[in-house]
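We did not get these values from a lab; they are worked out from the coordinates using the rules stated. Since we're looking at a predicted model, the values are computed, not measured. Cβ sites come from the backbone with ideal geometry, for glycine too, and all protein chains shown count toward neighbours.
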Amino acid sequence: MKIYLKQQVFSWRDRFFVKDEFGDDRYVVEGELLAIGNRLHIYEMTGRRAASIRQKVMSLLSRFFVEIDGRVVCEIVKDFTLFKQHYWLEGIPWRMDGDFLDYNYRLHDGYRQIMRMSKQWLTWGAYYELNIADPRDELLSLCVALAVNSSRKDDKVIRGPLHPLSRLLFR
């Protein structure tokens, strides 16, 4: 199954819809405006909060807590690497690996692919396609994708144009 994330270019806070492969809305994602660190809330179309993602602020590496139905399911931790992006999920045996340009990711458990995340080019704003193998992994895969996207945005803001090389200098 496929779902799509499209972020707006200009907005005061993160708010966007997650659509399925037929163009129907699946979730609404909203960010908190005045939060310390990134905080995203994922709502079902009925208005019920399905999940939350919260960044750990005082941490050497980027860390995000994923909360589903009121309990912390896992912690997403960015690995220290030079040219590739690697994330691991503490609490479940999943790992996310990215390519050199950081725009194509593969979420796996070592044996099977859980999700493939790819950025769609030539679009207005960030537009990602998530190809999820098992529909039961949809919400957690979406949370991982949102945390990785938030981590990437933090890297660009903090480290600026030296992004790939400055990981060594500022970590």
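Here are the numbers for the structure shown:
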| quantity | calculated |
| --- | --- |
| Neighbourhood net charge (9 Å Cβ-Cβ; Lys/Arg +1, Asp/Glu -1) for HIS108 | +1 |
| 15 Å beta-carbon shell around ARG71, net charge (K/R +1, D/E -1) | -2 |
